[in-house]
Structure formats: C-alpha cells, structure tokens
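Dropping a structure here in structure tokens format, bear with me for questions.
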C-alpha cells in the first residue's frame, strides 16, 4: 500500500512570499488532515477534510492560510503571505474514516518550511 | 480544553534496558489514545491505538496501557535497541468543544535515545 505522499520536502522562502504544499492521501481514505508541527512541539491540527468538505478549520489562520481538497482526493495548503512564525513542518495525514471510529492516522513525511 | 503532557521530555538508556514512557491527559472523556513514533525528518508512524474501552494493546516489544479514569497512559518498551531511538508522541481523540467533531490532541513527545 502506497503511503501518504507530500511535496515538496523542503521549502525556503522570504517573509511575505507565498508557498503551496501538496498532499496525496492513501487511496480510499476519506479523511485528510493538515497539521503544523513547530520544532519541539506536537502537531497541531490546521484543517480536517471529510471527502471534499471541511470538517474542522477552527485553528487555521484564515487571513493567510487556505486549503482545498478538490474531488475529495489530493489537497493543497497555501500560505500567503508567509510570516517568520510559519516556519514549521507541515504534515499531511489521512485515515479511512474520520471521527470516533478508531481509525488510525497515516502520516506523510512532511514539508519543512523555513521563512527568512 | 484537552491537554496532553508527556514525561520525560527526553530519555537516554543503554541497549537492552526496559523502559516506560508516560502520557497524561486532562479530560478523561476520550474515544481512543494513540502512540506514534517520529524519526528525524520524517512523519509520524502509528504504533498502537487503544480504544477507550480497552486497557492495553501489545505489538511485539511494545505494550501500551490506558487508565482512562485517571487520565494516564504508559508505553512500555522491552529490551530496547538502538533502532528504537526516536521521538514518541502520545495523542488522544476526544470530542471538540462544539461537540461535532473528534479531535486528536498531541503531546510534545519524549525523545528516546538508546545507546549501544
């Protein structure tokens, strides 16, 4: 079974620039998550999709972050404009089903973003 | 608001030693608890998932226990090996404040080093 694919692996940008990350979940997984992991911290949920609908985006800084999951498969996360505090690893995860169905999350290797 | 704490933040042991990692959570109304492993520069790998009705789960040299009423979980690693060196994260799934979604809240992790 192919895992969760993310690209790029690394990205370095200057503050106020834009950046986009891409995620391809495991085939058949209905739920897709984007997490932000700052160095030394646990991952923090930014947005959760169920198929192509948003389930939870309460911690997404909507003035600069946006995400979409067209056709309920691939997803992109965009930051525009970036700030220094956005430097982090952005992790994509997917699960067969969401909610309290005890469905384990499968994570990609993440995109390490450095904002200078 | 659910908060997850992991103790210790870092642990260094000699090869062959048995060890215990601790996780505590503030709200005992959880649906499941998951232990993940994170290698440097990588995403998270799910190790064990304990449903709220269960007391423990085992996989190979790993054993995770859950005491929901006291808000605690432990991850026991038997006969540790240098290949076990990684960060171990605990996460609990519980309903969010709006009562409509089931969020996964992570601890900051324990950095384990097993010395040959």
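So if R0 is 25 Å, what FRET efficiency would residue A:62 and residue A:14 give, r being the distance between their Cβ atoms, rounded to the nearest 0.05? Show your work: numbers first, answer last.
Working: r = 22 Å, r/R0 = 0.89.
Efficiency, rounded to the nearest 0.05: 0.65.
May I pose another question? Can you give me the C-alpha center-to-center distance between the stretch B:71-93 and the stretch A:1-67, rounded to a whole angstrom?
When both Cα centres are located, 25 Å separates them.
How many percent of all Cα-Cα pairs in chain A sit more than 24 Å apart? Let's see the in-between values first.
Values: 1250 of 6670 pairs.
Roughly 19 percent, rounded to a whole number.
Provide the descending list of Cα extents for the stretch A:11-79 along its principal axes, expressed in whole angstroms.
The Cα atoms of the stretch A:11-79 stretch 36, 24, 22 Å along the principal axes, largest first.
For residue B:20 and residue A:52, FRET efficiency with R0 = 41 Å and r from the beta-carbon atoms, rounded to 0.05? Don't jump to the answer; show the numbers that get you there.
Values: r = 42 Å, r/R0 = 1.04.
Between residue A:52 and residue B:20 the formula returns 0.45.
Please report, in whole Å, how far the alpha carbons of the stretch B:48-102 spread along each principal axis, starting with the longest.
Projected onto the principal axes, the Cα atoms of the stretch B:48-102 cover 43, 21, 17 Å.
How large is Rg over Rh for the stretch B:1-59, taking Rg from the Cα atoms and Rh as the Kirkwood inverse mean of 1/r across Cα pairs? If you can, show how the numbers build up before the last one.
Numbers: Rg = 13.4 Å, Rh = 13.6 Å.
Ratio of gyration radius to Kirkwood radius: 0.98.
Quick one: P(r) of the protein assembly as shown from all Cα-Cα pairs, 10 Å bins, percents rounded to integers, in order of increasing distance.
Bin by bin from 0 Å, the calculated values are 8, 32, 36, 20, 4, 0.
Tell me the Rg and the Dmax, in Å, that the Cα atoms of the stretch B:76-116 produce.
For the stretch B:76-116, the Cα-based Rg and Dmax read 15.3, 48 Å.
Per the Kirkwood formula on distinct C-alpha pairs, the Rh of chain B is how many angstrom? Display every interim value, and only then the final one.
On the way: mean 1/r = 0.0699 Å⁻¹.
That comes to 14.3 Å for chain B.
Modelling each spin label as a point 7 Å along the Cα-to-Cβ direction, I'd like the residue A:97/residue A:85 distance in nm, to one decimal.
Placing both labels 7 Å beyond Cα along the Cβ direction yields 3.8 nm.
Here, each number is a calculation from the coordinates, and none is a lab measurement. These figures come from a predicted structure and were not determined experimentally. Cβ: placed from backbone, ideal geometry, glycine included. Neighbour counts: every protein chain shown.
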